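A short worksheet on the structure shown next.
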Amino acid sequence: MEQEATNPAIDNLLNEQRLKNIVYPARLFRARLNEEFLRANRTRRPFLFIKIYSHQYDFFGWGSPSRTVERTWRISLLTMFSHLKFIDVLGYLSDGSGIGMILLNSDMTTLETIRKEILHKLNDAGLIQALRHKPKSPIFQAYLYTGFQEKDNLEMDGKLKDFNSTNGSFFSLSRLNLDDIWEHPHTIRFRHVVKRIADLVCTSGALIVLSPLLLFCALAVKISDPKGPIIFKQTRVGRNGKLFTMYKFRSMYADAEERKKELMAQNETGGKTFKMKNDPRIYPFGHVLRKFSLDELPQLINILKGDMAIVGPRPPIPSEVAEYEPWHRMRLSVTPGLTCIWQVSGRSNISFEGQMRLDNDYIRRDGKIADDVKLILKTFKVVFKGEGAY
């Protein structure tokens with residue numbers, strides 16, 4: 001098996017520990033991480049992914065190296081390695097910065113056990129005073145993935161914050177997202193930068209060109225239903241679960257949210273999102289706004305702010321995300337957008353499960369600019385025809 005260059009400090013510790021685990025090269029380790037991610041979706045058994053950086057105790061760690069700091073770092077790492085089981089996975093990180101560990105069937109309880117053992121060993125070695133000078137970054141960067149339904153993960157978020165508040169010197173613990181697994185090469189990172197620049201330029205130009213249409217829509221909304229605001233603001237879920245406020249021209253009567261519960265039994269998507277063709281909450285001109293997607297135009301502001309992109313999965317509302325299965329949440333690994341594959345493949349006529357699969361298909365394409373251009377052109381065609389929108 002191919003060996004990869006890494007910091008001698010890490011290699012020496014691995015030799016000291018005489019590990020029985022295979023140390024995977026970066027490419028195979030990344031493949032194993034992806035495999036365990038998918039396995040957890042099926043088995044609902046949690047695992048921990050832990051990054052151990054070889055430079056932790058010098059340039060990016062406590063500051064200038066010292067014998068005390070180095071011994072503290074070594075004891076912490078050797079203690080972590082001692083918790084490796086035969087089924088766990090060890091391998092090099094792809095950027096050559098250190099070692100990654102996958103602790104199977106492990107959760108926050110495992111990390112707390114390791115933390116206590118590290119403290120005991122540092123105390124026995126007379127090194128506990130070194131922790132009074134906290135490192136600039138935690139010793140271990142840890143990620144937890146459960147494979148649970150999203151509403152169970154949301155309940156866990158509070159526990160993650162509590163854990164970090166008391167373990168800051170040892171672990172930076174967060175939920176594992178798909179983009180923590182997919183380590184994009186430089187060509188794709190550059191592509192994402194180009195995509196963001198294109199979003200800014202095109203959106204700025206669109207706001208100028210469409211300003212008369214925006215003004216007309218705003219006046220029409222106010223005349224149609226004077227009781228409510230022109231702009232409908234709604235909390236949506238963005239990349240990696242980050243919440244943001246999304247803007248739309250209001251296409252429903254002011255009491256639409258209160259009336260939604262009465263209509264839930266008539267949901268026509270067969271999933272977590274709510275859609276019905278003859279929704280009585282929509283006022284007459286609101287149907288026009290929706291048919292030609294004019295209600296989405298204020299989201300150009302969201303694109304300028306960076307909450308959204310021109311192309312990407314549509315941003316869901318928190319109550320929908322709470323009902324997500326693990327594979328549904330993969331669509332949250334990229335910035336949401338105005339349009340994507342399912343918007344040009346039938347729009348609201350596609351079932352919820354179909355929408356999720358099409359969004360995940362877009363994500364696997366890795367945001368190729370040529371594909372985005374094709375989707376934008378198809379969107380204009382679909383919007384002008386008004387197909388599948390209600």
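The values are calculated or read from the model by the stated rules, or taken from the named source; none is laboratory data. From a predicted model like this one, the values you see are computed outputs, not experimental measurements. Note that we place each Cβ from the backbone using ideal geometry, even for glycine, and neighbour counts take in every protein chain shown. SASA here: full protein model, heavy atoms, side chains in, ligands and nucleic acids out. Shrake-Rupley method; radii C 1.70, N 1.55, O 1.52, S 1.80 Å.
Number of residues in segment 276-315 that are open to solvent by less than 20 Å² (accessible area, probe 1.4 Å), touching a helix residue (DSSP H, G or I) at 6+ places or on another chain (Cβ under 6 Å) and of a type outside the set (A, V, I, L, M, F, W, C): the value is 4. Taken across segment 184-199, residues that are touching a strand residue (DSSP E or B) at 6+ places or on another chain (Cβ under 6 Å) and surrounded by fewer than 16 Cβ atoms within 10 Å (Cβ to Cβ) do not occur at all. Scanning segment 373-380 for any residue that is at pLDDT 85 or above, more than 15 Å from Val311 (Cα to Cα) and of a type in the set (D, E, K, R) turns up nothing.
Here the condition is being out of contact with any helix residue (DSSP H, G or I) (no Cβ under 7 Å at 6 or more places or on another chain), among the polar types (S, T, N, Q) and either touching a residue at least 12 places away in the same chain (Cβ under 8 Å) or open to solvent by 50 Å² or more (accessible area, probe 1.4 Å) (or both); of Ser211, Ser224, Ser174, it holds for Ser211 alone. Filtered by the rule that a residue be assigned to a helix (DSSP H, G or I) and in contact (Cβ under 8 Å) with a residue 60 or more places away in the chain, segment 357-370 gives Ile363, Ile369.
Within segment 316-362, the set of residues being of a type in the set (A, V, I, L, M, F, W, C), open to solvent by 10 Å² or more (accessible area, probe 1.4 Å) and more than 13 Å from the chain's Cα centre (by Cα) comprises Ile317, Ala322, Leu338, Ile341, Trp342, Val344, Ile350, Leu358. Being in contact with a Ser or Thr (Cβ under 6 Å, 6 or more places away or on another chain) and either open to solvent by 80 Å² or more (accessible area, probe 1.4 Å) or outside any helix (DSSP H, G or I) (or both): is that true of Gln234 here? Spelling it out, it is not the case that Gln234 is in contact with a Ser or Thr (Cβ under 6 Å, 6 or more places away or on another chain) and either open to solvent by 80 Å² or more (accessible area, probe 1.4 Å) or outside any helix (DSSP H, G or I) (or both). If the condition is being part of a helix (DSSP H, G or I), modelled with pLDDT under 80 and either open to solvent by 50 Å² or more (accessible area, probe 1.4 Å) or out of contact with any Leu (no Cβ under 6 Å at 6 or more places or on another chain) (or both), then segment 1-44 contributes Pro8, Ala9, Ile10, Asp11, Asn12, Leu14, Asn15, Glu16, Gln17.
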